[in-house]
């Protein structure tokens, strides 16, 4: 099942698998509201190639919600996730 991205969507949960604009590879989100150490720029997500996972720091990708064109799998959403996501949205 594919979930279409909507502009009003909240941050995606950990474990979500997405396809980015112009990408051929899927990414799995493993972190949210991240900052790049070198540029100090803020990003919505950090992801790793799917299905390989975290191979090394050279294969981690920072990206923003607006770059997501398809959500291929939605990660777990429960009460704990909802509460945490609300906190993340405040600092985003």
Subset of region 42-52 (residues that are in contact with a strand residue (DSSP E or B) (Cβ under 7 Å, 6 or more places away or on another chain) and over 17 Å from residue 88 (Cβ atoms)): 48, 49, 50
Which numbered condition residue 86 fails, given (1) loosely packed, with under 10 Cβ neighbours inside 10 Å; (2) part of a helix (DSSP H, G or I): (1)
Meets criteria (more than 18 Å from residue 91 (Cβ to Cβ) and either modelled with pLDDT under 95 or buried (at least 16 other Cβ atoms within 10 Å of the Cβ) (or both)) for residue 17: yes
Residues that are assigned to a helix (DSSP H, G or I), touching a strand residue (DSSP E or B) at 6+ places or on another chain (Cβ under 9 Å) and exposed (fewer than 15 other Cβ atoms within 10 Å of the Cβ), drawn from region 53-83: 59, 66
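The values are calculated or read from the model by the stated rules, or taken from the named source; none is laboratory data. The structure displayed is predicted, hence computed values, not measured ones. Heads up, the Cβs are rebuilt from the backbone with ideal geometry, glycines too, and the neighbour counts pull from every protein chain shown.
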